[in-house]
Amino acid sequence: MFDWQNITYNVIKILFKLIGLIPRKLAFRLGNLFGWILFLVDRKHKEIVMNNLTRAFGHEKNPYEIRMLARRVFKNFGQIVFEIGWSLRLDRKDFQKHFKIQGLSNYKNVYEKGRGVLFLTAHMGNWELLSIIMAMVGYPVSVLYRPLDFSPLDRFFAVVRGRFGAELIPSAQSMRKILRSLKHGKVVGMLMDQNVDWPEGVFVDFFGHRACTNKGMALLARRTEAPVVPVFLVREKSGFRAEFGSEIPLIKTEDIRKDLEASTQQYNRIIEDFIRRYPDQWFWVHQRWKTKPYCPWPGKI
């Protein structure tokens, strides 16, 4: 029987392995070129990026500065493609050459509490390589992810993310698995910078605008009292640097709704602060403000 999905998966795997054979300096140039071409031809996503950047920085940057920043955003995306291929050639002995860790004590201190750890992270730098950081740290980790619609590509990224021991938890009906992971002292990583629908989120500030943000991490922290620690991976000239931030204070009062909003606002503020440090390395292609606050009176939002 013709199994097109398996054939497509193998083609994708071979393609990325071939990309990984390209010398790093040449791959860097090709990544920039690929990103620049996307910036020129992909009008749909270019418009999304420009609109998002204008929403976030329109009061700080002029149109020319925003356009130049948008070009660097696409170049960052171009680098990601070539870096994934390159990462497939890496062994554990290669990690120290290319990856640095900052603030690891922030993580180790909370891990010793024995309640598991919730990692707050975002689509920064090359987030697909965060599994390498987890392997370097040496603690068991589970990663919450939303499966891609294209099955062969989703299968490929599942292999990339899990090849150093990370457990992958699909986001649909994930609460029980996450609670089990935390109960066993594992780390659970959650990307918290994407738009969600009303039932999944709360509206809190993000770059000066209300954004529907996943309330799952706030619920988990409140229920389990597992510490929340931010971690982001950014690209530097010499390689990559993972930065672990300080534990985020738990907000727990009698008012659950306000607690969820206040905690989620903390998470958004930390993500925003980091994006402001490296604005070209965030995934601005995503429609972060897509879900609008509900208002029964038109024109009153």
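Here, each number is a calculation from the coordinates, and none is a lab measurement. All values derive from a computational prediction rather than experimental measurement. Ideal geometry is used to build each Cβ from the backbone, glycine not excepted, and the neighbour counts take in all protein chains shown.
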Cα-based Rg of the chain normalised by 2.2 N^0.38 Å, two decimals:
1.02
Per residue, what volume in Å³ does the convex hull of the Cα atoms of segment 101-169 enclose?
96
Which number comes out as Rg/Rh for segment 1-90 once both Rg and the Kirkwood Rh are worked out on C-alpha atoms?
1.13
Using the per-residue mean of other Cβ atoms lying within 10 Å as a proxy for protection, in what order, highest first, do the peptides 6-17, 113-124 fall?
113-124, 6-17
Percent breakdown of C-alpha pair distances by 5 Å bin, ordered from the shortest bin, for segment 133-213:
3, 13, 19, 20, 18, 14, 10, 2
Note down the net charge around Phe157, summing +1 for each Lys or Arg and -1 for each Asp or Glu among other residues with Cβ under 14 Å from its Cβ.
+1
Can you tell me which of 243-251, 74-82, 147-155 comes out highest on packing, and rank the rest after it, using the mean Cβ neighbours within 10 Å?
74-82, 243-251, 147-155
For segment 223-301, taking Cα atoms only, what is the radius of gyration to one decimal and the Dmax to the nearest whole Å?
16.7, 54
Quick one: Cα centre-to-centre distance for segment 128-191 and segment 32-47, in angstrom?
30
